[in-house]
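So the structure is just underneath, and the comments pick up after that.
The values are calculated or read from the model by the stated rules, or taken from the named source; none is laboratory data. Model, not experiment: these values are computed from the prediction. Cβ sites come from the backbone with ideal geometry, for glycine too, and all protein chains shown count toward neighbours.
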There are 2 protein chains.
Amino acid sequence: MKIGIVGLGLIGGSIAKAIKQNTEHKVFGTDLQESVIYKAILLEAIDEKLTEEVMPQCDIIILALYPAAAIGFVQEHQSELKRGAVVIDCCGVKSAVCREIQPIADEKGFVYVGGHPMAGIEYSGFEHSQKNLFKHASMILTPQRDMSIQDMDQLKRFWMSLGFNHVEISTPEEHDQIIAFTSQLAHVVSSAYVKSPTSIRHKGFSAGSYKDLSRVAKLNENMWTELFLLNRENLAEEINGMIERLQEYRDAIQAGNEKDLWDLLHEGTERKILIDG
Amino acid sequence: MKIGIVGLGLIGGSIAKAIKQNTEHKVFGTDLQESVIYKAILLEAIDEKLTEEVMPQCDIIILALYPAAAIGFVQEHQSELKRGAVVIDCCGVKSAVCREIQPIADEKGFVYVGGHPMAGIEYSGFEHSQKNLFKHASMILTPQRDMSIQDMDQLKRFWMSLGFNHVEISTPEEHDQIIAFTSQLAHVVSSAYVKSPTSIRHKGFSAGSYKDLSRVAKLNENMWTELFLLNRENLAEEINGMIERLQEYRDAIQAGNEKDLWDLLHEGTERKILIDG
């Protein structure tokens with residue numbers, strides 16, 4: 001197959017490298033920065049630049065862009081996409097993206113599938129991309145309801161061939177609700193955690209729990225601002241729940257209520273065992 | 001030297017194994033469970049049982065017990081301790097422990113040093129103890145003000161020989177304030193995080209940030225209840241700060257205020273770089 005990748009940052013670059021490493025597909029790539037395209041060719045992450053001439057030949061187009069840019073790209077290039085081609089975005093929110101792209105797909109006759117590779121590190125850009133980024137990760141897909149089983153099967157095998165160990169089929173709405181907890185709330189909490197006035201004095205007094213809680217506080221503020229605001233209802237609800245639960249612990253501690261505190265901690269242990277068991 | 005270890009759980013067991021692995025000292029150990037003592041002898045984690053006959057010969061006594069039990073042990077056995085012996089506890093809070101043990105040390109003529117090994121895993125008990133638990137970890141000591149440089153130097157070298165890469169000298173008050181953030185708040189936040197109603201549906205939708213945020217939610221509720229209540233003012237203050245900061249993110253997200261949200265996330269990134277740089 002001919003595969004086009006739009007955006008060669010951490011995710012797009014890693015997808016390109018994983019395809020080249022694991023398959024025989026031909027990879028075309030493009031990026032706003034010309035220098036990144038040349039670097040990707042030099043490092044054999046892509047075969048050639050994705051041009052307007054090549055675009056209509058691609059069987060799969062992967063959009064590794066932020067939400068607004070992904071939508072903008074499809075709006076601008078809708079007439080260059082092959083009928084029957086599969087277009088997949090990689091955005092961290094799905095409802096806001098799918099509702100813009102799906103009508104264009106219906107009109108132009110390409111197959112659109114929302115996607116979200118559940119992998120990442122606290123660095124961005126092509127220079128941090130790696131062919132093994134998706135090892136053991138989950139790829140979430142939110143296909144349109146009438147996508148054929150054959151297309152879905154082929155697409156699933158494509159993603160599995162890049163190292164993913166699971167393809168999760170979901171809806172945009174379910175995706176956004178769950179991701180508000182697993183990913184977005186985690187980033188908000190970590191960001192808020194490191195801002196304690198005490199954090200500046202942590203060295204010599206910290207170990208694994210500090211390290212884990214603070215890791216994702218270093219984040220790409222442009223990307224996360226866009227993602228959070230496109231999922232604001234779900235995320236605000238998760239933050240409110242977090243605040244309410246923290247108040248319960250605070251009340252038990254301030255009151256010196258041993259039984260309540262023990263129960264709260266015990267429930268947390270039981271929940272963690274239940275959800276990861 | 002002859003070293004006595006009281007309590008052969010995760011920490012005491014790991015200290016025993018690290019001493020046997022790295023030094024020529026003779027190790028005596030005891031535990032409430034007789035079976036654990038026999039297991040420790042069988043696995044050569046200790047040389048012999050720490051009995052009332054051996055206690056007065058020990059140069060160092062390490063109390064790897066919860067706070068109330070550590071204080072109770074010293075009260076009960078104060079007359080069996082050698083004059084000039086060094087007694088160290090390993091409790092996660094220091095003010096509440098030091099203010100009980102220090103007067104007994106002054107009266108009986110042994111040297112008391114508060115201690116807190118900054119290492120741990122989400123499992124407890126001798127069966128999880130490991131000789132390398134303290135590799136690259138920090139050992140916090142809160143010695144009495146008039147401890148001699150020679151004794152301090154010897155004690156520092158002893159802990160470094162077990163694998164610690166740093167000995168942090170502090171006061172009980174400073175320790176409790178900073179640990180309320182680095183360790184205690186991290187555990188409260190993780191425990192509260194996993195209780196989101198959404199957490200039960202995380203599989204297929206979660207990756208590194210969920211994993212890191214949820215790891216220490218599985219905790220020993222007996223130990224942490226005791227530790228939290230012995231440091232309640234510092235911890236309640238940290239939780240309140242966390243709640244206030246989360247409200248700022250929530251407000252910016254609910255209002256769709258892009259600039260405020262970007263600033264909040266950017267400040268988190270800058271803070272994380274500052275404190276770990």
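One table, with the values for the structure above:
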quantity	calculated
Count of residues meeting criterion [part of a helix (DSSP H, G or I) and either in contact (Cβ under 8 Å) with a residue 60 or more places away in the chain or over 27 Å from residue A:24 (Cβ atoms) (or both)] in region A:71-99	13
Residues that are surrounded by 23 or more Cβ atoms within 10 Å (Cβ to Cβ) and not in a loop (DSSP other than H, G, I, E, B), drawn from region A:54-66	A:61, A:62, A:63
Search result, residues across region B:198-233 that are more than 7 Å from chain A (Cβ to nearest Cβ), more than 18 Å from residue A:217 (Cα to Cα) and assigned to a helix (DSSP H, G or I)	B:222, B:223, B:226, B:227, B:233
Region A:241-257 residues that are free of Cβ contacts under 8 Å to residues at least 12 places away in the same chain, paired with ones that are assigned to a helix (DSSP H, G or I) and of a type in the set (Lys, Arg) (beta carbon under 7 Å, 6 or more apart)	A:253/B:232; A:254/B:232; A:256/B:232
First in region B:113-133 and closer than 15 Å to residue A:207 by Cα, second anywhere and basic (Lys, Arg), Cβ under 7 Å, 6 or more apart	B:116/B:94; B:122/B:215; B:122/B:218
Matching residues, region B:18-53, being closer than 19 Å to residue B:158 by Cβ and either in contact with a Ser or Thr (Cβ under 6 Å, 6 or more places away or on another chain) or not in a helix (DSSP H, G or I) (or both)	B:22, B:23, B:24, B:25, B:26, B:27, B:28, B:29, B:45, B:46, B:47, B:50
Selected residue [of a type in the set (Gly, Ala, Ser) and either surrounded by fewer than 24 Cβ atoms within 10 Å (Cβ to Cβ) or not assigned by TED's automatic domain parsing to the domain that holds residue A:132 (or both)] from A:40, A:69	A:69
Yes/no for residue A:163 being out of contact with any Ser or Thr (no Cβ under 7 Å at 6 or more places or on another chain) and either modelled with pLDDT under 95 or in a helix (DSSP H, G or I) (or both)	no
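Residues are listed down the side, and each one gets a yes or a no for (1) surrounded by 21 or more Cβ atoms within 10 Å (Cβ to Cβ); (2) aromatic (Phe, Trp, Tyr); (3) in a helix (DSSP H, G or I); (4) within 13 Å of chain A (Cβ to nearest Cβ):
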| residue | (1), (2), (3), (4) |
| --- | --- |
| B:101 | yes, no, yes, no |
| B:107 | no, no, yes, no |
| B:112 | yes, yes, no, no |
| B:127 | no, no, yes, no |
| B:131 | no, no, no, no |
| B:135 | no, no, no, yes |
| B:139 | yes, no, no, yes |
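Okay, residues lined up against (1) more than 32 Å from the chain's Cα centre (by Cα); (2) outside any helix (DSSP H, G or I); (3) facing chain A (nearest Cβ under 7 Å):
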{"site": "B:240", "(1), (2), (3)": "no, no, yes"}
{"site": "B:244", "(1), (2), (3)": "no, no, no"}
{"site": "B:247", "(1), (2), (3)": "no, no, yes"}
{"site": "B:252", "(1), (2), (3)": "yes, no, no"}
{"site": "B:256", "(1), (2), (3)": "yes, yes, yes"}
{"site": "B:261", "(1), (2), (3)": "yes, no, yes"}
